[in-house]
Every structure is written in C-alpha cells, then in structure tokens.
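> Got a structure here, written out as structure tokens. Questions coming.
Readers should treat all values here as calculations from the given coordinates under stated rules, not as data from a laboratory. Everything numeric in this text was worked out from a predicted model, so none of it was measured. Here the Cβ positions follow ideal geometry from the backbone for every residue, glycine too, while neighbour counts run over all protein chains shown.
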Amino acid sequence: MRHLAVAALLVLLSGCANNGAFSQWFGLGSEVASNMGYGDSAKVADGIKQALEFGSQRASATLSVQNGYQNSGYPLTLPAGLQPVTSTLRKVGMGSYVTQLEVAMNRGAEQAAAEAVPVFQQAIRNMTIEDALSIISGGDSAATTYFRGQTEASLRQRFAPVIQENLAKTGFYSQYKSMLDVYNALPLTTKPNLDMEDHLMTQSLDALFGRMAAEEKLIREAPMARGSALIGAVFGQGK
C-alpha cells in the first residue's frame, strides 16, 4: 500500500502541466509524502539532483578514458571550415598532420572530461527546489535538458580553462600550428580564421550532456538498479 500510494502521489505530481496546478497538487503531495516517511518537496528535489549527479559522474567516467569520445559515439572532429585544409593535406600525402591534430584534440577532451565533475556537481548543488521539481514529469532526458539550458553559459566559462589547459598538455596547439604552417607553404588558399577552442568546447559539452542524457534515460528505466532508493521513489512511478 505504501508503495502504491507513493506511486499515485508521484503520478499526480507528474500529471500537473501548469505551474498553478503543480503548486496545488504538490502542497498536498508534500504532506502525504512526509506522513509516509518519504520527506517533502526538498526530498523529492534531492532525488532529482542525485540522478543528475550520477549521470554526470558516469558520463565523465565514460568519456575520460582513452578513446572515450570515439567509443561512445561522440568523436571530436575538426570544424567544417577546415575541410579544405584537411582534404588538401591528405591528397598531397600529408594526412599525418591531420591525424595527429585529431588525436591531440580527443586526448585533451578526454582529460578535461575527468576534471569536469566538480564543475557539474557544483552547478547541480546550486539548483533550487523549484528548478528540480519542474522537470520531474518530463521525458527520458528532461532533467539533463533543463540542467543544460539553465547552466551551460556559466559552465562554458568555468570549463574553458580546463579545456585550454588539457589541449596544451596534449600538444594540440603546436599540432594545429604545424598543420597550418604546412598548408600555408603550399601554393594554395590562405588559412581559415577559426575559433578552434569554441568549436572544441561546444563538441565537448555536447558529448558530456549527451552521455548525461543517456544515463538519465537508464536511471528512469531502472531507477533502483541504476540509482538509489531515493531516486527509485522519485522516478519509479509505474515501475
């Protein structure tokens, strides 16, 4: 009975599409949940935050190993604007410069992914109860999507030096310069003017949030197995 009542409560919560209805039902839901030992709205919000924390940790762990981006289906690639450069170098037998650059780019991102956890964790901790509760009734990746929309701007600022530092460690900048120097020595067009760091930042975050969304989906499908008892209570309606 206890689990059925909690499931019914969460279904009621998730079924309220507008803020007015959500507030009305959540006031009642908090009281019932508290009486049954599941805590109030703060406890439900904690479950949502916990799911995001697990998702971000697992995403980082998956991408931070060697070839993590490649093997996860998120290989970092050079921007389309560099295609005339890369294709020309490969045609004239200098494709090794392109390969070395791509390897350095992915290695830098892999190392940065390992250092991204505290950045994401702090952003999750800073989420308000209202922020967390507003995504309980969404789709498979609603929590990740909402989290990204609310935090990406600040995360980009904080993640930028991490990306830059790790790209420098892998020799990305020297490889990029070498590739362009070789290209510019050819009697062809001038080098493109590209913001490589912004390009790599966007690809890295796309991959991290993509993996977080995949992990969130798994948690929603098996909240107890992939998460915790608290996450099971929050996301386990209908399970």
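> Going 7 Å from the Cα of Asn67 toward and past its Cβ, which residues in region 87-130 have a backbone nitrogen under 14 Å from where you end up?
It comes to 103, 107, nothing else.
> Quick one: putting +1 on the C-beta of Lys and Arg, -1 on the C-beta of Asp and Glu, what dipole do you get for region 40-235 around its Cα centre, in Debye to the nearest 20?
440 debye
> Can you give me the relative contact order of region 40-235 as a percent, contacts being Cα pairs under 8 Å and 6 or more apart? Provide the component values of the computation, followed by the final result.
Values: 212 pairs, mean separation 72.1, N = 196.
Taking the mean separation of contacting Cα pairs over the length of region 40-235, I get 37 percent.
> Moving on to the next point. List the aspartates and glutamates whose Cα lies under 18 Å from the Cα of Lys91, skipping any in the same chain that are fewer than 8 positions away.
Candidates past the 8-residue exclusion: Glu102, Asp181.
> Identify, among Val117, Val92, Gly73, the residue whose Cα sits farthest towards the positive end of the charge dipole of region 40-235, taking +1 on the Cβ of Lys and Arg and -1 on the Cβ of Asp and Glu, with the dipole about the Cα centre.
Of Val117, Val92, Gly73, it is Val92.
> Further question: Mind sorting Lys91, Lys169 by how few other Cβ atoms lie within 10 Å of their own Cβ, fewest first?
The most exposed by this proxy come first: Lys91, Lys169.
> Return the Rg/Rh ratio of region 110-232 with Cα-based radii and a Kirkwood Rh.
Result: Rg/Rh = 1.12.
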